[in-house]
Amino acid sequence: MNSLRKKYFLSLLFLIIISLLLFALVLNWSLDRYFFDYQLQERAQELEDFESYLNVIYESENDLRTIREHIEEYAALHNLIYHPAPRRENGMMHDHQDSRGHSRMRDMVEEGYELFVGGRSIGHLTWPEENNESLLAAEITERTNEFRREIYGILLPLGLGLTVLAILFSYYISKKLTEPLSGFTTAVKEIKEGDYEVELKEDYPQELQHLYKEIKQLSQRLNYLAQIRKESVLDLSHEIRTPLNNILNYLTALDDGYLEFNKEIINDLKEETQRLEELSNRLDDLSMAEKKIFNNEQKEVNLKAFFSNLSDKFNRRAENNNLNYSQKITVPDKIYLLDLEALEIIMENLFSNALKYTGSGGKIILQAEIKAGKLTVQLEDSGIGIAEEEQELIFERFYRTDKSRSQETGGTGIGLAITKELIEYMQGNISLESSEKGSIFKFEIPLQKGRDYEF
Ligand code: ADP
């Protein structure tokens, strides 16, 4: 039995047994308190009835001597002792009604029952003593104990039965509670050993559904990363080989005299070299972003000026690509503190993707706003879109969607990996909505105080 299960089991069992014990204690206490009083009350009722009877006789005969005789007869019959009140007290009037009740009943055990006839006390009826204890108290205690024994005769087997049930129940519940955890442990172990296709039962309690989803996503992510590890070297060598081959072919053709050196060839060679340079820059950016050492320099920036500058450049580039560009920037003219170089790379990556994956005549919309200490930027395009199952993956390095590969747009599959790394490094987050009609990349970054900072 693992230790968590043992803890659940013992805690439940402890709770149930404590509840049973408490129940027994309360029952015991109630018997002493209420059952004892109940019997006392019964006795008092008998005596009150007798007292009423005496009062009726007194009203018709008005003779105290007859009354005393009745009392003595009653005392002899019920094994009670009659202590008549001294003569002078006979004349005293008592308002005894108020003194009736609980305390009078308890006093009755010690002092006996005081009889009132015609509003006057005419003495006490007491119980004989046995072993220094009033016979009434002894009798009632004995009856209470008898009742207690009867009750326990029923409750004890019931309690034992309940305890056995409690043990079984606690065992079952603790097993049920810890079972999913064992499932998770096995799953994580399998993932660790490289088996990413783990199948977990789906009917987990609500609280564990979350953990279940996380493990499932973790295994999918690890699965992808494992594939990437295998493919990335290949991808990279392919990315390098294409421009290198082109350069080599040109040089060989020139060397062999098949081609004549001219401006066009220089441009082609330059383009291929630039592709290589871009790849190497991207790889540098990525490794820097990943190590979180990217610049790491907070600068005071006027974001309004930054975005207006950026919009001019984006507009020009969009026009060159025959695209419609618009923007909505609601950023105050204030100084904010942030890593400008990182923000530039993020914007450049998102915008160059929007350009690359949106066909001529399409549109790109940039929106930026600052609210509650956060910069929110959204870049929307009417491009080729990204299939739902690929939306998580495009942020992984070297991942390119099938659609974009088939369109021969070029690209390394590194840009979004860098973007995500940088945004996370700036304590922000990025999300994506995409359909056939296009994509919306949206990211948020918390801002820090600049010189005349104000939100
Ligand atoms: P790449 O250099 O290939 O553009 P990224 O990491 O920037 O690398 O993007 C990864 C992949 O995500 C791209 O190859 C493309 O398949 C997809 N992608 C990124 N942005 C867009 C977009 N705006 N529209 C459609 N697909 C996109």
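A Cβ distance below 9 Å, combined with a sequence gap of six or more or placement on separate chains, defines the contacts here; from region 392-403, residues that are farther than 16 Å from Leu350 by Cβ and part of a helix (DSSP H, G or I) reach residues that are among the hydroxyl-bearing types (Ser, Thr, Tyr) and more than 8 Å from the ligand (Cβ to nearest atom) in the pairs Leu393/Tyr224. Here Phe14 does not qualify as within 27 Å of Asp107 (Cβ to Cβ) and either surrounded by 11 or more Cβ atoms within 10 Å (Cβ to Cβ) or in contact (Cβ under 8 Å) with a residue 24 or more places away in the chain (or both). Residue pairs whose Cβ atoms lie under 7 Å apart, sitting 6 or more positions apart in sequence or on different chains, and linking a residue in region 135-153 that is free of Cβ contacts under 8 Å to residues at least 12 places away in the same chain to a partner that is surrounded by fewer than 13 Cβ atoms within 10 Å (Cβ to Cβ), are Ala138/Glu130.
Going residue by residue through region 56-63, is there one that turns out to be of a type outside the set (Val, Ile, Thr), out of contact with any Cys (no Cβ under 6 Å at 6 or more places or on another chain), under 30 Å from Ser182 (Cα atoms) and surrounded by 13 or more Cβ atoms within 10 Å (Cβ to Cβ)? Steps first, answer last, please.
Kept after step one, since they are of a type outside the set (Val, Ile, Thr), are these residues of region 56-63: 58-63.
From what's left, out of contact with any Cys (no Cβ under 6 Å at 6 or more places or on another chain): 58-63.
From what's left, under 30 Å from Ser182 (Cα atoms): none.
Within region 56-63 (the criterion being of a type outside the set (Val, Ile, Thr), out of contact with any Cys (no Cβ under 6 Å at 6 or more places or on another chain), under 30 Å from Ser182 (Cα atoms) and surrounded by 13 or more Cβ atoms within 10 Å (Cβ to Cβ)), the answer is no, since none of the residues qualifies.
Counting the residues of region 326-360 that are within 10 Å of the ligand (Cβ to nearest atom) and over 38 Å from the mean Cα position of the chain (by Cα) gives 8.
Each residue in region 431-455 was checked for being in a strand (DSSP E or B) and at pLDDT below 90, and 2 pass.
Name the residue, out of Leu366, Leu350, that is of a type outside the set (Ser, Thr, Tyr), in a helix (DSSP H, G or I) and crowded, with 16+ Cβ neighbours inside 10 Å.
Details: Leu366 fails: in a helix (DSSP H, G or I).
Being of a type outside the set (Ser, Thr, Tyr), in a helix (DSSP H, G or I) and crowded, with 16+ Cβ neighbours inside 10 Å holds for just one of Leu366, Leu350, which is Leu350.
I'd like to check something: does region 319-329 contain any residue that is among the aromatic types (Phe, Trp, Tyr) and within 15 Å of Val377 (Cα to Cα)?
We begin by selecting, within region 319-329, every residue among the aromatic types (Phe, Trp, Tyr); these are 325.
Subset that is within 15 Å of Val377 (Cα to Cα): none.
No, the conditions are met nowhere in region 319-329.
Within region 317-371, which residues are polar (S, T, N, Q) and out of contact with any helix residue (DSSP H, G or I) (no Cβ under 6 Å at 6 or more places or on another chain)? Residues satisfying the conditions are Asn320, Asn322, Asn324, Ser326, Thr330, Ser352, Asn353, Thr358, Ser360, Gln367. Taking region 80-161 as the region of interest, none of the strands (runs of 3 or more DSSP E) fully inside it holds 2 or more residues being modelled with pLDDT under 75, out of contact with any Cys (no Cβ under 6 Å at 6 or more places or on another chain) and polar (S, T, N, Q). The set of residues in region 328-339 that are of a type outside the set (Phe, Trp, Tyr), buried (at least 17 other Cβ atoms within 10 Å of the Cβ) and under 23 Å from Thr419 (Cβ atoms) comprises Ile329, Val331, Leu338, Asp339.
When we screen Gly383, Gly428, Gly413 for residues that are modelled with pLDDT of 85 or more and over 29 Å from the mean Cα position of the chain (by Cα), the only hit is Gly383. Cβ separations smaller than 6 Å between residues 6+ apart or across chains give the following pairs from region 437-453 residues that are closer than 19 Å to Asn302 by Cα and among the β-branched types (Val, Ile, Thr) to residues that are surrounded by 13 or more Cβ atoms within 10 Å (Cβ to Cβ) and at pLDDT 90 or above: Ile445/Leu375; Ile445/Gly428.
Filtered by the rule that a residue be exposed (fewer than 13 other Cβ atoms within 10 Å of the Cβ) and either in contact with an Asp or Glu (Cβ under 8 Å, 6 or more places away or on another chain) or of a type in the set (Asp, Glu) (or both), region 134-162 gives Glu142, Glu146, Glu150.
Of all residue pairs spaced 6 or more apart or on separate chains, those with beta-carbon atoms under 8 Å, a first member in region 347-369 that is more than 22 Å from Ala305 (Cα to Cα) and touching a residue at least 24 places away in the same chain (Cβ under 8 Å) and a second member that is within 10 Å of the ligand (Cβ to nearest atom) and assigned to a helix (DSSP H, G or I) are Asn353/Gly415; Asn353/Leu416; Lys356/Ser404; Tyr357/Ser404. Taken over region 103-150, the criterion of being farther than 26 Å from Tyr58 by Cα and among the basic types (Lys, Arg) is satisfied by Arg106, Arg143, Arg148, Arg149.
Can you find even one residue in region 406-414 that is more than 7 Å from the ligand (Cβ to nearest atom), crowded, with 18+ Cβ neighbours inside 10 Å and within 26 Å of Gln227 (Cβ to Cβ)? No: zero hits.
Consider region 142-169 and keep the residues that are aliphatic (A, V, I, L, M) and touching a helix residue (DSSP H, G or I) at 6+ places or on another chain (Cβ under 8 Å). The one that is farthest from Leu20 (Cα to Cα) is Ile151.
The values are calculated or read from the model by the stated rules, or taken from the named source; none is laboratory data. All figures in this text were calculated on a predicted structure; none of them were measured in a lab. When we count neighbours, we look across all protein chains shown, and the Cβ atoms used for this are built from the backbone with ideal geometry, even at glycine.
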